[in-house]
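S.K.: Could you have a look at this structure, given as structure tokens, before my questions?
The values are calculated or read from the model by the stated rules, or taken from the named source; none is laboratory data. Worth saying up front: this structure is predicted, and the values here are computed from it rather than measured. Glycine also receives a Cβ, built like all others from the backbone with ideal geometry; neighbour counts cover every protein chain displayed. Note: accessible area is taken over every heavy atom of the protein model, side chains too, but ligands, DNA and RNA are not part of it. Shrake-Rupley method; radii C 1.70, N 1.55, O 1.52, S 1.80 Å.
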Amino acid sequence: MKNNSQSDAIPLPPHIGDALATARSVVVLTGAGVSAESGVPTFRGKDGLWRHYRVEELATPQAFARNPLLVWEWYDWRRGLIADCKPNPAHKVIAGMEQHFEEFLLITQNVDGLHRQAGNRQMLELHGNIWRLRCTREGTKIENIEVPLSRLPPRCDRCGGLLRPDVIWFGEPLDPETLAKAWRAVEKCDLMLVVGTSAVVEPAASLPIIAKQHNAMIIEINIEPTPLSRLVDHSITGRASVVLPELVKALVKE
Ligand code: OAD
């Protein structure tokens, strides 16, 4: 019979606990893989959203201008799906790290809000948040957790303008202030963890490279190799919800 605890054990690089114990300034970059085990679909890979849906029809400003209802139906479906998901052990470990290190910043590409739900506050949501809406006329932002939305597409209570999800779509720039903060943090961190991202979407994909150029140690955690894997100090193959708790154990042991 298969012993699950044994098959889940991940061989960690030697002295990894030591590297964590001596780190002063830590940045964690996360992607959809962190939320995968909470039940949130990833974008790429076998069952990724972009296998079944066309980016150009659902996640670009042009798509929204053409057919706001279709875009909103897709986002409303995703919000419903995420609303049923809870943070998993990977989110919880990352939330604990915020308390542990002298300087800490979480940079996430995820829009699902699960890191905040797990307790992270020192964080940048590079691609926005699916629970926030933005008025296309006034730019006002509002929190909205209604599932499903009572009116599609939703409209601004104040001016009647069309509301859009406050997320970054393909072809749109990131918020410059958010990006500048992320850049500054990676330039001065001494340890960076890159967890559950395919590392193919810019500018997020460049952040570990910048950190490396500034002599940070980079540890990647992913279930499969990425373009980053050969550039990092340690690439650990395994599920985030298993590897991250193991890392914490190593930190305590060494
Ligand atoms: P992707 O879907 O591109 O990649 C998810 C990564 O997570 C893959 O490399 C998987 O191998 C890995 N993975 C899956 N399950 C895992 C697990 N349990 N533990 C560890 N790793 C796991 O998602 P992102 O890299 O986040 O952008 O994609 C980046 C951006 O592309 C997203 O933010 C989104 C998307 O289009 C926008 O919406 C602007």
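S.K.: Of all the accessible heavy-atom surface of the stretch 1-99, with the other protein chains kept in place and a 1.4 Å probe, what percent is carbon and sulfur?
M.R.: 54 percent
S.K.: Also, quick follow-up: Amide H to amide H under 5 Å from THR42: which residues, 5+ apart in sequence or cross-chain, H placed 1.01 Å off N in plane?
M.R.: Amide H to amide H, under 5 Å and 5 or more residues apart or across chains, THR42 pairs with LEU49.
S.K.: Mind listing the phi-derived Karplus ³J(HN,Hα) values for the stretch 225-238, rounded to whole Hz, using 6.51, -1.76 and 1.60 with θ = phi - 60°, and x for any glycine or proline?
M.R.: Using θ = phi - 60°, the values come out as x, 10, x, 7, 3, 7, 9, 8, 6, 9, 10, 9, 8, x Hz.
S.K.: Starting from the Cα-Cα distance between ARG137 and VAL55, subtract it from 0.36 nm times their residue separation and give me the gain in nm to one decimal.
M.R.: Stretched fully, the ARG137-VAL55 segment lengthens by 27.1 nm.
S.K.: Could you state the number of Å between the C-alpha centres of the stretch 80-149 and the stretch 191-254?
M.R.: The two parts, judged by their Cα centres, are 20 Å apart.
S.K.: Using a 1.4 Å probe on the protein heavy atoms, what percent of the accessible area of the stretch 136-254 belongs to carbon and sulfur?
M.R.: The C+S portion of the solvent-accessible surface of the stretch 136-254 is 53 percent.
S.K.: Each residue of the stretch 185-190 in order: what ³J(HN,Hα) in whole Hz does its phi give by Karplus 6.51 cos²θ - 1.76 cosθ + 1.60, θ = phi - 60°, with x for Gly and Pro?
M.R.: Per-residue couplings from phi come out as 5, 6, 5, 10, 6, 9 Hz.
S.K.: List the residues whose amide H sits under 5 Å from the amide H of LEU29, counting only those 5 or more places along or on another chain, with H placed 1.01 Å from N in the peptide plane.
M.R.: Long-range HN contacts for LEU29: ILE107, LEU193, VAL194, VAL195.
S.K.: Give the cross-link partners of LYS249 among the lysines, using a straight C-alpha distance below 17 Å as the criterion and excluding same-chain residues fewer than 8 apart.
M.R.: LYS92
S.K.: Just order 171-179, 35-43 by mean Cβ neighbour count inside 10 Å, highest at the front, would you?
M.R.: My ranking of the peptides, most packed first, is 35-43, 171-179.
S.K.: Under 5 Å between amide hydrogens, which residues at least 5 positions from ASP233 or on another chain qualify, with H placed 1.01 Å from N in the peptide plane?
M.R.: Residues meeting the amide H criterion: ILE218.
S.K.: Next question, about the same structure. I'd like the Karplus ³J(HN,Hα) series for the stretch 99-113: coefficients 6.51, -1.76, 1.60, θ = phi - 60°, whole numbers in Hz, and an x wherever there's a Gly or Pro.
M.R.: Once θ is set to phi - 60°, the couplings for the stretch 99-113 become 7, 7, 8, 4, 10, 8, 9, 9, 10, 10, 8, 7, 10, 7, x Hz.
S.K.: For a quick size check, give me the Cα extents of the stretch 194-254 along its three principal axes, largest first, whole Å.
M.R.: Principal axes ranked by extent give 34, 24, 17 Å for the Cα atoms.
S.K.: Over the stretch 108-169, give the accessible area per residue in Å² for a 1.4 Å probe, as an integer.
M.R.: 49 Å²
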